[in-house]
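Read through the structure below, which is laid out as structure tokens, and then see the notes.
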Amino acid sequence: MIHSKKCFKCSAIKPLTEFYKHDRMADGHVNKCKECNKSDVQKNRLNNLDYYRTYDRERGKLDHRLQLATEQTKKWRAQDKRRQVAHNAVARAIRSGDLVRQPCEKCLAVKTEAHHEDYDKPLDVMWLCTPCHKQRHKELKIGF
């Protein structure tokens with residue numbers, strides 16, 4: 001039984017667990033390792049970014065995806081009631097001019113979101129762009 005395979009792209013010999021499964025291949029695995037596969041997908045997305053952004057936007061509008069998003073939002077709100085209170089407080093403060101949206105504290109991007117480190121302090125926020133906000137949640141190991 002074969003336990004390893006050579007990637008045609010990087011020429012590295014790796015265990016079969018480092019190759020995606022594919023029923024139509026002779027050994028049941030793709031000939032390109034997972035790392036090379038991921039790299040190719042990432043490059044393709046960057047090279048065709050406008051297409052994929054449009055595709056993602058339209059996909060997000062499908063009925064079943066909207067329903068899932070609504071369910072997820074309800075679960076998220078139910079987990080900690082302080083979240084919604086804090087988010088509403090920030091929205092009201094922005095509308096009234098008491099709180100002014102700032103550039104991202106990490107990368108200085110202009111389009112930002114308010115991030116709460118502590119929901120008990122609703123107007124104490126970090127201004128982060130979406131990618132930096134997601135990264136901050138990963139660092140804190142909480143869902144986004």
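The values are calculated or read from the model by the stated rules, or taken from the named source; none is laboratory data. Remember, it's a predicted structure, so these values are computed and weren't measured experimentally. With ideal geometry, Cβ positions are generated from the backbone for all residues, glycine too; neighbour counts draw on all protein chains shown.
From the set of residues in region 84-119 that are basic (Lys, Arg) and without any contact (Cβ under 8 Å) to a residue 24 or more places away in the chain, which is nearest to Pro131 (Cα to Cα)? In this case the residue turns out to be Lys111. Just one of the listed residues (Arg53, Arg24) is surrounded by fewer than 12 Cβ atoms within 10 Å (Cβ to Cβ) and either under 30 Å from Phe8 (Cα atoms) or in contact (Cβ under 8 Å) with a residue 60 or more places away in the chain (or both), namely Arg24.
Within the set Trp127, Trp76, the sole residue that is in contact with an Asp or Glu (Cβ under 7 Å, 6 or more places away or on another chain) and either under 27 Å from Gln42 (Cβ atoms) or outside the structural domain of Gln42 (by TED's automatic domain parsing) (or both) turns out to be Trp127.
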